[in-house]
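Take a look at the structure below.
The values are calculated or read from the model by the stated rules, or taken from the named source; none is laboratory data. Just so it is clear, the model here is predicted, and its values are computed rather than measured. Glycine gets a Cβ as well: all are built from the backbone with ideal geometry, and neighbour counts include every protein chain shown. For the accessible areas, the whole protein counts, side chains as well, though only heavy atoms, and no ligand, DNA or RNA atoms are used. Shrake-Rupley method; radii C 1.70, N 1.55, O 1.52, S 1.80 Å.
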Number of protein chains: 2
Amino acid sequence: MEAASHPAVHPVAVPPHYQGAGPPPVRMKDLAGSPGTLGGLVLRFAQLGFALASLCIMVSIVGFSSVTAFCFLVAAMVFQCIWSLCLGVLDFYALLTKRSLRNSLLVSLFVVGDWVTSTMTFAGACAAAGITVLIDNDLNQCGPNHCNRFEAATAMAFMSWFTTTISFFLSFWLLATCR
Amino acid sequence: MEAASHPAVHPVAVPPHYQGAGPPPVRMKDLAGSPGTLGGLVLRFAQLGFALASLCIMVSIVGFSSVTAFCFLVAAMVFQCIWSLCLGVLDFYALLTKRSLRNSLLVSLFVVGDWVTSTMTFAGACAAAGITVLIDNDLNQCGPNHCNRFEAATAMAFMSWFTTTISFFLSFWLLATCR
């Protein structure tokens with residue numbers, strides 16, 4: 001994590017060494033879990049894992065596609081998987097090559113992407129939760145409708161949303177404090 | 001809006017005048033729509049109006065309480081109304097007395113409150129949207145189930161969430177940049 005903040009292999013990403021005289025130039029601080037750190041990588045793979053679990057459980061249920069909300073959840077989970085995988089690979093590359101991902105344009109992209117992804121994931125999870133509670137509590141038709149698996153898929157989607165929200169908050173904080 | 005950033009009536013909230021010599025002290029910048037500004041007040045009353053409209057439409061539907069998701073939406077709208085009303089009154093008081101609401105503790109409270117409220121409102125709106133789409137598109141039982149009113153209540157809840165999210169982003173940005 002520390003190493004990632006001092007890129008040394010690629011000269012393009014290396015900030016000029018501070019020579020004294022006057023206040024040091026403002027640059028983004030290290031934040032555990034922010035883009036390009038080991039914490040960030042762990043968060044991305046947690047998001048990917050939860051989204052993939054939710055996706056697999058949902059598509060394993062025969063007839064899930066007859067409910068629009070479940071289709072939306074599947075679409076949101078596919079989107080979440082792609083986003084988290086891309087960002088995870090980027091974090092991994094940044095860690096391997098000791099490059100820094102802390103520039104305003106990249107972090108802005110992470111903030112917007114994380115917000116859109118987490119909002120879609122949360123919307124899908126809430127809609128699926130609403131339908132699951134309707135089938136389970138309100139209509140008491142849980143037997144033939146695989147409630148446990150619906151609940152598991154929804155819970156995994158909520159976990160994926162929660163970890164994406166942490167990434168979003170860290171990126172947004174980094175963006176706001178680095179200007 | 002400008003006047004609110006230069007509190008003059010109550011000495012406690014007045015920042016010391018800048019006398020030159022050295023960089024000026026860091027203080028929170030004015031952001032249109034942030035707490036204590038006219039934009040902030042307008043946002044609060046928009047949130048309150050949308051949430052109140054959603055609440056009134058939902059409780060006017062006979063039998064809404066048989067669906068858990070609709071009960072959750074009503075609870076979330078009540079919470080949203082209380083929060084937006086309190087913050088709106090606080091903004092109005094700040095504008096009237098020309099006090100500033102820009103201190104870290106207050107803004108942290110606004111950030112946490114706005115995030116919790118907007119998340120609850122969004123969850124309620126998504127769950128209600130899931131059920132409404134199920135009744136309307138998937139089951140085609142719209143006739144006896146007041147679909148138009150369910151849709152209107154959901155749309156108002158989404159509008160309330162959207163305006164609360166704007167307040168949240170502005171407060172969070174203010175908090176991050178003022179430290």
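Is there a simple number for the mean count of other chain Cβ atoms within 10 Å of the Cβ of residues in B:109-122, and what is it?
On the way: counts 0, 0, 0, 0, 0, 0, 2, 0, 0, 0, 4, 0, 0, 4.
That average works out to 1.
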Legend entry - Karplus-derived HN-Hα couplings along the stretch B:48-60 (A = 6.51, B = -1.76, C = 1.60, θ = phi - 60°), whole Hz, x at Gly and Pro: 4, x, 5, 5, 5, 4, 4, 4, 5, 4, 5, 6, 7
Inset, instruction - Enter the Cα centre distance for the pair the stretch B:95-139 and the stretch A:91-127, rounded to the nearest angstrom. - result: 22 Å
Inset, instruction - Go through the stretch A:84-95 residue by residue and turn each phi into a ³J(HN,Hα) via Karplus (6.51, -1.76, 1.60, θ = phi - 60°); whole Hz please, and just put x for glycine and proline. - result: 5, 5, 4, 5, x, 4, 5, 4, 4, 4, 5, 5
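If packing is taken as the average count of other Cβ atoms within 10 Å, what order do B:149-157, A:86-94 fall into, highest mean first? Before the final figure, lay out the partial values.
Details: B:149-157: 22.1, A:86-94: 18.2.
Output ranking for B:149-157, A:86-94: B:149-157, A:86-94.
Given a Förster distance of 22 Å, report the FRET efficiency between B:VAL89 and B:ALA32 from their Cβ-Cβ distance, rounded to the nearest 0.05. Before the final figure, lay out the partial values.
Working: r = 20 Å, r/R0 = 0.91.
Between B:VAL89 and B:ALA32 the formula returns 0.65.
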Inset, instruction - Could you work out, for the stretch B:31-177, what percent of all Cα-Cα pairs fall into each 5 Å distance bin, beginning at 0 Å and stopping at the bin that holds the largest distance? - result: 2, 11, 20, 21, 15, 11, 8, 6, 4, 2, 1, 0
Inset, instruction - Calculate the mean, over all residues of peptide B:129-138, of how many other protein chain Cβ atoms lie within 10 angstrom of the residue's Cβ. - result: 6
Legend entry - Label-point separation, B:SER66 to A:PHE79 (7 Å along Cα→Cβ), nm: 3.3 nm
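Can you give the local net charge around B:ALA155? Use residues other than it whose beta-carbon is closer than 14 angstrom to its beta-carbon, Lys and Arg +1, Asp and Glu -1. Walk me through the intermediate numbers first.
Numbers: positive: B:ARG149; negative: B:ASP136, B:GLU151.
Here the charged neighbours net out to -1.
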Inset, instruction - Quote the accessible area belonging to A:VAL78 in square angstrom, nearest 10, computed with a 1.4 Å probe and with ligands, DNA and RNA left uncounted. - result: 60 Å²
Inset, instruction - Heavy atoms only, probe 1.4 angstrom, no DNA, RNA or ligands counted: give me A:ILE166, A:ILE135, A:ILE82 ranked by accessible area, highest first. - result: A:ILE82, A:ILE166, A:ILE135
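What FRET efficiency would be calculated for the residue pair B:CYS142, B:VAL59, taking the C-beta separation as r and a Förster radius of 30 Å, to the nearest 0.05? Don't skip to the answer; put the middle values down first.
Numbers: r = 20 Å, r/R0 = 0.67.
My answer for the efficiency is 0.90.
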Legend entry - Per-residue HN-Hα couplings for the stretch B:63-72 [Karplus 6.51, -1.76, 1.60; θ = phi - 60°; Hz; x = Gly/Pro]: x, 4, 6, 7, 10, 4, 4, 5, 4, 5
